[in-house]
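Some notes on the structure that comes next.
The values are calculated or read from the model by the stated rules, or taken from the named source; none is laboratory data. What you are looking at is a predicted structure, and each value in this text was computed from that prediction instead of being measured. With ideal geometry, Cβ positions are generated from the backbone for all residues, glycine too; neighbour counts draw on all protein chains shown. For accessibility, only protein heavy atoms count, side chains too; no ligands or nucleic acids. Shrake-Rupley method; radii C 1.70, N 1.55, O 1.52, S 1.80 Å.
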Amino acid sequence: MSAVTIPLAAGRTRAAPPVLSPELLARMGAPGPRYTSYPTADRFVEAFGPDDYRRALAARSAGPGGAAVQPLSLYLHIPFCESICYYCACNKIVTRQHDRAAEYLLALDREVALHIEALGARPRVSQLHLGGGSPTFLSDLQLARVVSTLRRAFSFEADAEMAIEVDPRTVDPARLERLAALGFNRLSLGIQDFDPQVQRAVHREQGFGQVELLMRAARPLGFRSISVDLILGLPQQTAASFGRTLEQIQALRPDRIALYSYAHLPERFKPQRRIAATALPTAATKAAMLGEAIAVLAAAGYEHIGMDHFALAGDSLAVARRRGRLNRNFQGYTDQPDGDLIGLGVSAIGRVGGCYSQNAKTLDEYYDALRQGVLPVVRGLAPTRDDLVRRAIVMALMCQGELDFQALSDAYLIDIRSAFAAEIAALQPLAEQGLLSLDRDGVCVSELGWFFVRSIASVFDRYLQADTARARYSRVL
Ligand code: SF4
């Protein structure tokens, strides 16, 4: 397997990569959080409600600089999908009744209005992400309405990043042109696997030609970054079939690739009950596929961004990674500054002024709150000082793959080495397995460790260390 290049801060070195064996995958691939936040969303509490969230919003405009503070990111959740993919673990509503979206958009209008009322200003926005479900379940007219509602309420920066998740089965080049006209400049395409047998087994059939047509049309339309999702470990997948998918992906040359590992949790996610465990590739096959994928992507010029994300060297995510400016939010890795994120829509999660919040998970609850003129927040968390220090540590590991003990001690006015002596000692066995190097100055995750970085970060997760029931999480690999 060829090595994946991981740029390092000046003066640090990484150990040579050991082999990614099935034994290591079994040992290190235990279920764990993906750390899109710390504390993770399953630690949010109902004691944090709409009033707390409203106060966090109001404080944003009241601080020094008021509405001129760092621009916001917006996430908008569209929960509807026309058909079910059997591997799905998302919060979605499967329906062919497109008129259901009309009521949803009215509720979104109310939610946006309540935000503006609480913010007391028209804040700047540097990033919008439409996710789901399937945002392209909405008609062009509905999407235009959503964008104009947001543009009226918020002041979008001229170069704002506007991303939309696209189900290739619902979009053609003419539709892409209309998305570009609305201002979308980033696309995220759900591909998973091109093999027809695998696609049938997961109930998501979309030909290579269909995706190729979209990607070729997208470039001249001005989409400046195209990312694709692939899933490793799907039913009927073999090393040979996945190898063919990788060849096809190389031909398409997306800017970013997310290579997720399928987590089979049928007791938690009902659609997965249609997947027979016997149809899944074995751990050894999965390890071989992953090894091959890493080699192929590295040879094709993709840099390993972190965990399961890869990007071409010129992509803004890879540039941010090299410059130590990578961040992580609920949409995964981002090159945007570590600022406030407002989550809109059913089940959406946000972070404002350091506080996390999550909206109601069912449409009924979400609609009810908004009918009463209340922000639909049902859970959240105001972090303690301990949470904030650990958040900085977890994110430094997840985004930079490094910990600088002195810099952290200076920033948080505590002696990190003694305050986290137990956690640092717990890293020693990981160092012995070649996953990181550890000395008096800090921690540096190795190339191999980069695949298990969430397991490494979890050593500092106070909540997880106190909780042995981890079955609700997906496996690391
Ligand atoms: S995987 Fe995506 S498109 Fe498929 S059912 Fe789930 S949310 Fe919908």
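Going by average Cβ density within 10 Å per residue, which order do the peptides 370-378, 453-461 take, highest to lowest?
On the way: 370-378: 17.6, 453-461: 22.8.
Descending mean neighbour count gives 453-461, 370-378.
Taking only the alpha carbons of the stretch 324-477, we obtain Rg and Dmax values of 17.8, 57 Å in that order.
The share of C-alpha pairs in the chain whose separation exceeds 33 Å stands at 37 percent. The packing ranking, built from the mean of other Cβ atoms within 10 Å per residue, places the peptides 237-247, 131-141, 425-435 in the order 131-141, 237-247, 425-435, highest first.
Please state the charge dipole magnitude for the stretch 256-329, taken about the Cα centre, from unit charges on C-beta atoms (+1 on K and R, -1 on D and E), reported in debye and rounded to the nearest 20.
Details: 11 positive and 5 negative charges, 71 e Å.
In total the dipole reaches around 340 debye.
3J(HN,Hα) along the stretch 69-74: 4, 2, x, 8, 9, 10 Hz, from the Karplus curve 6.51 cos²θ - 1.76 cosθ + 1.60 with θ = phi - 60°, whole Hz, x for Gly and Pro. Ranking Gln97, Leu232, Pro266 by Cα position along the charge dipole of the chain, where only Lys, Arg, Asp and Glu carry charges on their C-beta atoms, puts Gln97 farthest toward the positive end.
Using C-alpha pairs below 8 Å separated by at least 6 residues, the relative contact order for the stretch 282-362 is 13 percent.
Mind checking the dipole of the chain: about its Cα centre, +1 per Lys or Arg Cβ, -1 per Asp or Glu Cβ, Debye to the nearest 20?
Details: 53 positive and 50 negative charges, 76 e Å.
The dipole magnitude comes to about 360 debye.
Its DSSP H runs of at least 4 residues, each contributing -39,500 (n - 2.57), put the calculated 222 nm mean residue ellipticity of the chain at -10500 deg cm²/dmol, to the nearest 500.
If I compute solvent accessible area with a 1.4 Å probe over the protein chains, what percent of it on the chain is carbon and sulfur? Can you show the working numbers first?
On the way: 10210 of 19040 Å².
Heavy-atom surface of the chain belonging to carbon and sulfur, 1.4 Å probe: 54 percent.
Accessible area per residue for the stretch 43-344 is 39 Å², calculated with a 1.4 Å probe on protein heavy atoms, without ligands, DNA or RNA.
Taken one residue at a time, the phi angles of the stretch 231-248 give Karplus couplings (6.51, -1.76, 1.60, θ = phi - 60°) of 10, 9, x, 6, x, 6, 6, 10, 4, 5, 5, 6, x, 5, 4, 5, 4, 5 Hz. Gly and Pro are set to x. Ranked by the mean number of other Cβ atoms within 10 Å per residue, highest first, peptides 75-88, 346-359, 289-302 order as 346-359, 75-88, 289-302.
Taking the centroid of alpha carbons for each part, the stretch 153-232 and the stretch 389-464 are 36 Å apart. Can you spot the lysines whose alpha carbon is less than 16 Å from Lys92's alpha carbon? Ignore those fewer than 8 places along the same chain. Answer for Lys92, where 16 Å is the Cα cut-off: Lys270, Lys361, listed by chain and number.
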